[in-house]
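Encoded as structure tokens, the structure appears first; notes follow it.
Values in this text are rule-based calculations from the coordinates and carry no lab data. Bear in mind that the values here come from a model prediction, so they are computed numbers and not experimental data. All Cβ positions, glycine included, derive from the backbone under ideal geometry; neighbour counts span all protein chains shown.
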2 protein chains.
Amino acid sequence: MRISDLDTPAIIIDLDRMDRNLTKVADYARSHNLRLRPHTKTHKIPALGRRQVELGAVGLSVAKSTEAEVMLKSGTPDILVAYPVVGEKKLARLTEIARKANVTVSLDSMEAAKPLSRAAWAAGVEIGVLTEMDVGLHRVGVQPGADTLALARAVSTLPGLRWRGIAFYPGHIKDFSEKAKQDLATLGQALTSTVALLKANGLAPEVVSGGSTPLLWVSHTIPEMNEIRPGTYIFNDRNTILSGACSRDECAATILTTVVSVAPWRFIIDGGSKTFSSDRLSGASDVTFGEILEAPGARFHKMNEEHGFVELAGDSAHLSVGDRVHVLPNHICVAMNLHEQVYGVRGDEVVETWVVEGRGKLQ
Amino acid sequence: MRISDLDTPAIIIDLDRMDRNLTKVADYARSHNLRLRPHTKTHKIPALGRRQVELGAVGLSVAKSTEAEVMLKSGTPDILVAYPVVGEKKLARLTEIARKANVTVSLDSMEAAKPLSRAAWAAGVEIGVLTEMDVGLHRVGVQPGADTLALARAVSTLPGLRWRGIAFYPGHIKDFSEKAKQDLATLGQALTSTVALLKANGLAPEVVSGGSTPLLWVSHTIPEMNEIRPGTYIFNDRNTILSGACSRDECAATILTTVVSVAPWRFIIDGGSKTFSSDRLSGASDVTFGEILEAPGARFHKMNEEHGFVELAGDSAHLSVGDRVHVLPNHICVAMNLHEQVYGVRGDEVVETWVVEGRGKLQ
């Protein structure tokens, strides 16, 4: 099958680029003695999780218990649910998974830890726990220092659980501005002092798991961190370019669309928020939803569910109804979640068709 | 099964409210002699399409040929694909569907009409066509008047096609401000003059299909329009409230979520852009992603894929990890597209579990 045989819209993955991305990060992690635990929310495909493990990942990350179920199919021996698992049905699912692979959960409260302990103890399994630390994003996590020690100490007394260390996500650091450099220094101090405090109290962390895509290539400079959980690096996207963590040539995924309507000042493509998601470009003031590779000057500035509005600029190519264009998306993870299957290509040949098995796994 | 047995996040539909919404619009259309052709992009569930047809809809609307395939299961005798169908695979799908139900396509170019004609003629089926008219949204459509006549005339000569009339979507009119009233008057003039022009040229339109949810209840005042295609009315959402087309008590769908982390100033729910979509509130300057029914003062102001960030206001309820809250979403159509199944409830009882069969049908 050739790319021209595909119906649109369709996510197309350049396998040569993807392979280079996978190898580059695996090599980086190995050379810096960092445990690599890719977040599979980007691809949601067990075959790609398997590939990451084969290349040296210590295990995989997921956000939800249903995603963990799907990722078991990758054959990974070790899964981190990087999300507080709260609710009876999720806990039942998790203890089943813990019979088949090592399972660790990151959480930030005893209200989450106690039911997890009861479920694990009742099921006769052991579940690892990382204490989630808020290093500035103010999403989940307790504060570094005393609060982290208190939660670690309390968790380590619970039956059925094994406290393994700390986790954090520095999603508030998106670039290398002066402000970001200060935030990075603050993060380093928090890690150094918290790990020292934990050690002084007999709770030496086996795992200090963190990192983000923008900070991927400076991971080795972050003190105490010994595990990284990048996700987007497998494909990269406009957000990754903007963060400085990849070049355009390292973007492996585009979305193929068809022009369905043309006027002198604009054209409409057959993909909108249902195809790309309505995620805006992170940190950009101008609102655009993707880059049309065949019309570099054009501005993809508006979407409805099935319509992408592209304004022609002076020098952008004039396209006709039926023409196909490749779009580099803002955020590939959320786009993957919208597609039943995606296509791996080498040149013009479609050599892989992958069902996005983790799509829509919300629970 | 009770609501408390459901895993979160989950879309919950209050069936009493949904039934009232369905009946109210069916009655309105009947009393004004308007053909009702609900857009099924909101629910994406054949059983609900069947319900709409039973209540008097003349047929159903979809955006894509794969959605039409799904909606055939509703038993509807008549489907409008309200979107230019461009591409060989889509045309093949459409001619197959045309063997089982009447199919009409709205389109705005001969580049879309000619391949449709060839496909229909080759397959030995007849496909209806509505000429799409741009009445101000500048999405798809030719201009009213001479351009619409020219396209109608050209389409009506093509074998395999039957020109049936015109279609339009006044999505640029969102309220009843002075500006909007002027736009509505302009729309009326465009319809009156274009229909007169078509008739004068022997092309009396059988169908004048239009309308939008904000304009739903003034549909009978729009001249010449004889068919309406509302979608959101079955459930309604925050956007519908804001447009003035429904009350809070007419919102039938909420999203049940669990609190997974709490800090003195905020809580985090287990749903973000993967659960709600990242659609902002239409026309609102403040960025919020839903209303937490159990914490009316709180502000759901930020999302990541799996995290909803809710800022507590002075008087908002203090919630604990494990508590469940119902969220009224900004845009229910895009949220439905993210869920594998949804639940119909009466009181606390879950009485229906529907698979969202039209989810992710992009082609």
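Give me a single rounded figure for B:89-97: the average over its residues of other chain Cβ atoms within 10 Å of their Cβ.
Per-residue shielding by partner chains comes out at 1.
On a 0 to 90 degree scale, rounded to 10, what angle separates helix A:15-31 from the longest Cα axis of chain A?
Between helix and principal axis, roughly 30 degrees.
For the stretch B:128-176 and the stretch B:1-27, compute the distance between their C-alpha centroids and round to whole Å.
35
Of all trypsin sites (Lys or Arg not before Pro) in the stretch A:20-111, which ones are in loop regions per DSSP and have a Cβ with at most 10 other Cβ atoms within 10 Å? It would help to have the intermediate numbers written out before the result.
Numbers: sites: A:Arg20, A:Lys24, A:Arg30, A:Arg35, A:Lys41, A:Lys44, A:Arg50, A:Arg51, A:Lys64, A:Lys73, A:Lys89, A:Lys90, A:Arg93, A:Arg99, A:Lys100; in loops: A:Lys41, A:Lys44, A:Lys64, A:Arg99, A:Lys100.
Counting only loop positions with at most 10 other Cβ atoms within 10 Å, the trypsin sites (Lys or Arg not before Pro) in the stretch A:20-111 are A:Arg99.
Select from A:Ala47, A:Ala253, A:Ala313 the residue whose mean-square fluctuation is largest in a Gaussian network model of chain A (Cα-Cα springs shorter than 10 Å).
A:Ala313
Run through the other copies and list how far each one's label point is from that of A:Asn201, in nm with one decimal, shortest first; the point sits 7 Å from Cα along Cα-Cβ.
Output for A:Asn201: 8.1 nm, nearest copy listed first.
My understanding is that a pair violates if its Cα-Cα distance is over 26 Å; which of A:Lys90/B:Lys64; A:Lys302/B:Lys181; A:Lys361/B:Lys361 do that in this structure?
Pairs exceeding the cut-off: A:Lys90/B:Lys64.
Mind listing the label-point distances from A:Gly188 to the same position on all other copies, shortest first, one decimal in nm, points 7 Å along Cα→Cβ?
Spelled out, the distances from A:Gly188's label point are 7.0 nm.
Each label point is 7 Å from the Cα along the Cα-to-Cβ direction; what then is the distance between the points at A:Asp27 and B:Val355, in nm?
Those two pseudo-labels are separated by 4.5 nm.
Please rank A:Thr40, A:Thr157, fewest neighbouring Cβ atoms within 10 Å first, as an exposure proxy.
A:Thr157, A:Thr40
Of B:Pro214, B:Asn201, B:Leu191, whose Cα points farthest to the positive end of the dipole of the stretch B:181-248 (charges on the beta-carbon: +1 Lys, Arg; -1 Asp, Glu; origin at the Cα centre)?
Toward the positive end, the furthest listed residue is B:Pro214.
For the protein assembly as shown, what ratio Rg/Rh do Cα atoms give with a Kirkwood hydrodynamic radius? Kindly include the intermediate steps, with their values, before the conclusion.
On the way: Rg = 26.6 Å, Rh = 26.9 Å.
Result: Rg/Rh = 0.99.
List the relative contact order of the stretch A:154-286 as a percent without decimals, with contacts defined as Cα pairs under 8 Å and 6+ residues apart.
Numbers: 135 pairs, mean separation 23.7, N = 133.
For the stretch A:154-286, the relative contact order is 18 percent.
I need to check one value: relative contact order of chain A, counting alpha carbon pairs closer than 8 Å and at least 6 residues apart, in percent.
For chain A, the relative contact order is 20 percent.
Restricting to bridges with both residues inside the protein assembly as shown, how much of the DSSP beta-bridge set is antiparallel, in percent to the nearest 5?
On the way: 60 of 120 bridges.
Approximately 50 percent, going by the DSSP bridge assignments.
For each of A:Leu191, A:Leu184, A:Leu107, count neighbouring Cβ atoms within 10 Å of the residue's Cβ, then give the residues from fewest to most.
A:Leu184, A:Leu191, A:Leu107
Looking only at other chains, what is the average number of their beta-carbon atoms within 10 angstrom of each beta-carbon in B:297-304? Before the final figure, lay out the partial values.
On the way: counts 0, 0, 0, 0, 0, 2, 1, 5.
Across B:297-304, the average partner-chain Cβ count within 10 Å equals 1.
How many angstrom lie between the C-alpha centres of the stretch A:263-329 and the stretch A:177-243?
35
Relative to the other copies, what are the label-point distances for B:Ser320, with labels 7 Å from Cα along the C-beta vector, expressed in nm at one decimal and sorted shortest first?
The answer, with the shortest distance listed first, is 6.8 nm.
Among A:Ile222, B:Ile228, what is the fewest-to-most ranking by other Cβ atoms within 10 Å?
A:Ile222, B:Ile228
How big is the antiparallel share of DSSP beta bridges in chain A, given as a percent to the nearest 5?
The antiparallel fraction comes to roughly 50 percent.
Taking the axis that carries chain A onto chain B, what is the nearest Cβ in chain A, and at how many Å, to the whole number?
In chain A, the Cβ lying nearest the symmetry axis toward B is A:Ser278, 2.
Largest first and to the nearest Å, give the Cα extent of chain B along each principal axis.
Cα extents, longest axis first: 69, 45, 36 Å.
Nearest 10 degrees, 0 to 90: what angle lies between the long axis of helix B:178-200 and the longest principal axis of chain B (Cα atoms)?
Roughly 30 degrees, rounded to the nearest 10.
Using Cα atoms only, what is the angle between the long axis of helix B:88-97 and the major principal axis of chain B, expressed in degrees (0 to 90) to the nearest 10?
Its long axis makes an angle of about 90 degrees.
Can you pull the mean other chain C-beta count within 10 Å for peptide B:305-312?
The shielding value for this peptide is 3.
Which of the lysines could a cross-linker span from B:Lys24 if the Cα-Cα distance has to be under 22 Å and same-chain partners fewer than 8 positions apart are dropped?
B:Lys41, B:Lys44, B:Lys174
Strictly greater than 25 Å: what percent of every Cα pair in the stretch A:248-355 meets that?
Summing the P(r) of the stretch A:248-355 above 25 Å gives 18 percent of all pairs.
Each residue of the stretch A:247-255 in order: what ³J(HN,Hα) in whole Hz does its phi give by Karplus 6.51 cos²θ - 1.76 cosθ + 1.60, θ = phi - 60°, with x for Gly and Pro?
So the J values, rounded to whole Hz, are 9, 4, 5, 9, 7, 9, 10, 10, 10.
5 Å is the cut-off here: which amide hydrogens, built 1.01 Å from N in the peptide plane, fall below it relative to B:Ala167, excluding neighbours closer than 5 in sequence?
B:Thr131, B:Glu132, B:Met133, B:Ser209
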